[in-house]
Structure formats: structure tokens, C-alpha cells
Amino acid sequence: MAPERLRLSQQVARGERVLVVFAGVGMEALQIAARTEAKKVLAIERNDVAAECLRRARRMLERNKTATCPGGGKGAAERLSIMEGDALDILPTLEDSSFDRIIAPRPKEGTLDGDTGTGDAGKQFLLAMLPLLKLKGEVHWYDFAADHELPNCDRTRHTAQDVCQSLGMEMEVIHVAKVGSVAKRQFRVCMDFRITRGRKNSKK
């Protein structure tokens, strides 16, 4: 995932507000805070052990003299905020249209995920996240696909499109790629998409 994290960092523009959901120990959030000129990075993680690892990493980042962002390690640590808890509980408490970019490397939900899964393919998370995006904001949405679904990943596309439509939003897909393997003939994929029309009450 290291090349993928570098790719994500290279997408972040100066002054962006970035939300990282399912942050884990914070590899994406830490790298964005340390390597970009993002104005704010908010990481959400439910697991208490992972969240504590992330808090410790932020303290170490504060002392890091090699961080390339403005203000060095101390500046990066100040821009990185951490919220511990279930994303579905936290996301509704955040301000609508307040983020330029959302990164969501969601975990696999066993047999509920994938081409034969019986779950909702993460729709509940998309429903909670997308209202937080500004118009023209971008999402890096991680899903799970079988080999026969590559390279287009139509199921993943349709999931995001259905959620956008239910919210009165429109989107365009920017990039879809395989980023890792999770089992035989089963892959982790990332779909980047941009909101091209927001809800009527969204901020421009």
C-alpha cells in the first residue's frame, strides 16, 4: 500500500481539508499531514488500540524534523486531529460540505463483501460521508472486487452512483485501480470519484 499512500498524498492540494475514515493506525492520515500542505486532516478510527497507536504516532510526528510540510513535524501534528469511535456515530456530527477530500479504506466485512457478498457494499458509510463533501470534492473509496470484475469494477461504480442519486448528487469517476490482494482472485480496489453536483443546500 506504500505506493498507493504516496499517490493519495500527491492528490492533496494546498489548503485542503481532508477526512480519513477507517484510519487504522493512521498511515494515510500521517503521510498526508507530513507531506502535503493540507489545512486540516481529520482521522476517524473505532478500534481503541489502533487509535492509541495513531495518537502516539502523532506525538512522534511532532518531534520529526524531516517532515516536508509547512511547520515541519510540529505543524503536521497540529493539523492532524483524531476522533475515536464508530464512523456512523461521528460522521453525522460533522458539518456538511466541510471537506475537500475523503479517504475511506474501509475494512472487509467477511462474506458480506465482494462479488458474492450479501451486505450493502458500504452504502451506509457513503450515505453518511458524501454530505460532508464540498462541491467538486473527491472521494477515494476502497472496495473489494473479484478478478472477473476488473478493470471496470461496475458494481463498485453503481454502488456509489446509487448513493449519490439518493442524495440528489451527481458524480464522475476519475480513476479505478487494483491496489492489493485479499484472497485468491479477490482484490482490494480504489475508485476515485468527484462530486459534480451537490445537494441544493450544499455550500459551493
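The values are calculated or read from the model by the stated rules, or taken from the named source; none is laboratory data. The structure displayed is predicted, hence computed values, not measured ones. Note that we place each Cβ from the backbone using ideal geometry, even for glycine, and neighbour counts take in every protein chain shown. Each accessible area value is taken on the protein alone, full model and side chains, heavy atoms only, with ligands, DNA and RNA left out. Shrake-Rupley method; radii C 1.70, N 1.55, O 1.52, S 1.80 Å.
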When the range 139-161 is examined, which residues are found to be surrounded by 13 or more Cβ atoms within 10 Å (Cβ to Cβ) and among the charged types (D, E, K, R)? 143, 149, 155, 157
Which residues, taken from the range 155-181, are within 24 Å of residue 127 (Cβ to Cβ) and in a strand (DSSP E or B)? 170, 171, 172, 173, 174, 175, 176, 179
In contact with a Cys (Cβ under 7 Å, 6 or more places away or on another chain) and over 23 Å from residue 123 (Cα atoms) - does that describe any residue in the range 56-71? no
Do we find that residue 134 is modelled with pLDDT under 95 and either part of a loop (DSSP other than H, G, I, E, B) or more than 21 Å from residue 5 (Cβ to Cβ) (or both) in this structure? no
Filter result for the condition that a residue is modelled with pLDDT of 95 or more and among the polar types (S, T, N, Q), over 111, 118, 93: 93
Which condition number in (1) over 21 Å from residue 110 (Cβ atoms); (2) open to solvent by less than 70 Å² (accessible area, probe 1.4 Å) is the one that residue 136 fails? (2)
Here is a check on your reading of the model: is residue 82 open to solvent by less than 30 Å² (accessible area, probe 1.4 Å), at pLDDT 95 or above, under 25 Å from residue 132 (Cα atoms) and among the hydrophobic types (A, V, I, L, M, F, W, C)? no
Check on residue 67, more than 26 Å from residue 180 (Cβ to Cβ) and touching a residue at least 12 places away in the same chain (Cβ under 8 Å): yes
Any idea how many residues of the range 32-57 are surrounded by 21 or more Cβ atoms within 10 Å (Cβ to Cβ), in contact with a Ser or Thr (Cβ under 9 Å, 6 or more places away or on another chain) and not in a loop (DSSP other than H, G, I, E, B)? 5
Any chance residue 111 is over 30 Å from residue 199 (Cβ atoms) and either in contact (Cβ under 8 Å) with a residue 60 or more places away in the chain or part of a loop (DSSP other than H, G, I, E, B) (or both): no
Any residue in the range 16-43 that is closer than 18 Å to residue 108 by Cα sitting within a Cβ distance under 8 Å of a residue that is of a type in the set (S, T, N, Q) and open to solvent by 20 Å² or more (accessible area, probe 1.4 Å)? List the pairs, counting only those 6 or more apart or interchain. 24/47
Inspect the range 160-177 for any residue being of a type outside the set (Ser, Thr, Tyr), at positive phi, out of contact with any His (no Cβ under 9 Å at 6 or more places or on another chain) and touching a residue at least 60 places away in the same chain (Cβ under 8 Å) and give the result as yes or no. no
Residue 2: under 16 Å from the mean Cα position of the chain (by Cα), open to solvent by 10 Å² or more (accessible area, probe 1.4 Å) and modelled with pLDDT under 95, yes or no? yes
